[in-house]
Amino acid sequence: MKKTVALITMLIMLFGVFAAARAEVKQPSEMPVIGIAWRADTDSEFFTNICKAVEAAGATWVLLDQVKSADLSYDEKGCLTQGVTALGSLDEAAAKYVRINTWHDSNAADAVGNVSFVIFTGGEDVSPSLFYSTEPWYGIVEEIDYSAERDVSDYLTMTYCLDHDIPLMGFCRGMQMLSVVSGAEVIQDVPAYFAEQGTEYHYEHRNQKQSDDAYRDYAAHDVRVVPNSRLYDMVHTDTLKGCPSWHHQAVKDVDNTRLTVTGYTDTDGIVMIEAVERTDKTFAVGLQFHPEAALVKHLENAANQNDYMDYDTALSIFQWIVQENALEQKEAA
């Protein structure tokens, strides 16, 4: 009998020790959750690299649902059945609904849910019909890359986040979408823009295409950081070395908008905008470059990893996102 009591007592003590130890370990469900705006091609490295970067910074992520406009028609797969041009971009009539009604009469609120921070990833060009001053297609056949469904989803998700002051960050296309939503002017094709200025362009922002099936790695260039900005708070330096860059469109200017330029680079005598923020919001930042690409190159020990931003600097950007998200969650609680 005494042996049985002793055994039971020992088991109770061991269970208590195990429970205490388990309580000290942060469970996955307790990790900060970062929302990533919907995209259909989740095999793209513009998406997978962001996921790896968020995880490296100590958080987990969730892909948000596609946001659809009640003013447009979709099929059962979520593809638009109207409002799409032959190029795959959003036509002017559909874009007008999106620009005027923004997130209203959409499922944006349900898609964002309780997420307290949203990342908008890189990818396709933004339809020029969504620009504040709409423009025709730039006409370069080898650069056609649109997703009308994603344009609608991103535009509605972003306007919902801005209207409800939900912190967000956009990378590459994400920065361009933040700028478009905010009324900025956009360069539809950087090489063509430089030619118009009478300036020779050396493809500092995306390596020149060699063939249809050849892989184009990220170009690397430095970015000057404006003091007293969100970007400076993240990286604590006035110059970011080796920023991975992969874009042929860019923000031209932010005049008469609520955007502030917080990062730039001089390319062949022309100043290119590399970072923006909305100072009227708690946190709305856009980066034209891809720190997540540098981070993953270091994580995976890529042969050219040292051509790009160092690991700690790249990680610090995502750690800031995680910390900002944790702060938002704490204040909401």
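Scanning the range 113-149 for residues that are outside any loop (DSSP other than H, G, I, E, B) and under 19 Å from A184 (Cβ atoms) yields F120, P128, S129, L130. A count restricted to the range 248-265 and to residues that are outside any strand (DSSP E or B) and surrounded by fewer than 22 Cβ atoms within 10 Å (Cβ to Cβ) stands at 6.
Within the range 100-112, the residues that satisfy the criterion of being in contact (Cβ under 8 Å) with a residue 40 or more places away in the chain and either buried (at least 17 other Cβ atoms within 10 Å of the Cβ) or in a loop (DSSP other than H, G, I, E, B) (or both) are T102, W103, S106, N107, A108, A111, V112. State whether one or more residues within the range 182-197 are closer than 17 Å to I100 by Cβ, of a type in the set (S, T, N, Q) and in a helix (DSSP H, G or I). For the range 182-197, residues closer than 17 Å to I100 by Cβ, of a type in the set (S, T, N, Q) and in a helix (DSSP H, G or I): absent.
Table: residues versus (1) farther than 19 Å from Y218 by Cα; (2) at pLDDT below 95; (3) of a type in the set (A, V, I, L, M, F, W, C).
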residue: D255; (1), (2), (3): yes, no, no
residue: T260; (1), (2), (3): yes, no, no
residue: I270; (1), (2), (3): yes, no, yes
residue: G286; (1), (2), (3): no, no, no
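Summed over the range 52-77, the residues that are over 18 Å from Y160 (Cβ atoms), touching a residue at least 40 places away in the same chain (Cβ under 8 Å) and part of a loop (DSSP other than H, G, I, E, B) give a count of 3.
The residue list L231, L299, L315 contains one member that is at pLDDT 95 or above and touching a Gly at 6+ places or on another chain (Cβ under 8 Å), which is L231. Is at least one residue of the range 131-144 at pLDDT 95 or above and aliphatic (A, V, I, L, M)? No, the range 131-144 contains no residue that is at pLDDT 95 or above and aliphatic (A, V, I, L, M).
One residue stands out among those in the range 157-187 that are of a type in the set (S, T, N, Q) and closer than 14 Å to M272 by Cβ: the one that is nearest to the chain's Cα centre (by Cα), which is Q176. In this entry, K96 is excluded by the filter for residues that are under 15 Å from the mean Cα position of the chain (by Cα) and outside any loop (DSSP other than H, G, I, E, B). Among the residues of the range 146-198, those that are of a type in the set (D, E, K, R) and in contact (Cβ under 8 Å) with a residue 24 or more places away in the chain comprise E149, R150, D151, D154, D163, D165, R173, E185, D189.
The values are calculated or read from the model by the stated rules, or taken from the named source; none is laboratory data. Here the structure is a predicted model, which is why all the values come from computation and not from measurement. Positions of Cβ are generated from backbone atoms using ideal geometry, with glycine treated the same way; all protein chains shown enter the neighbour counts.
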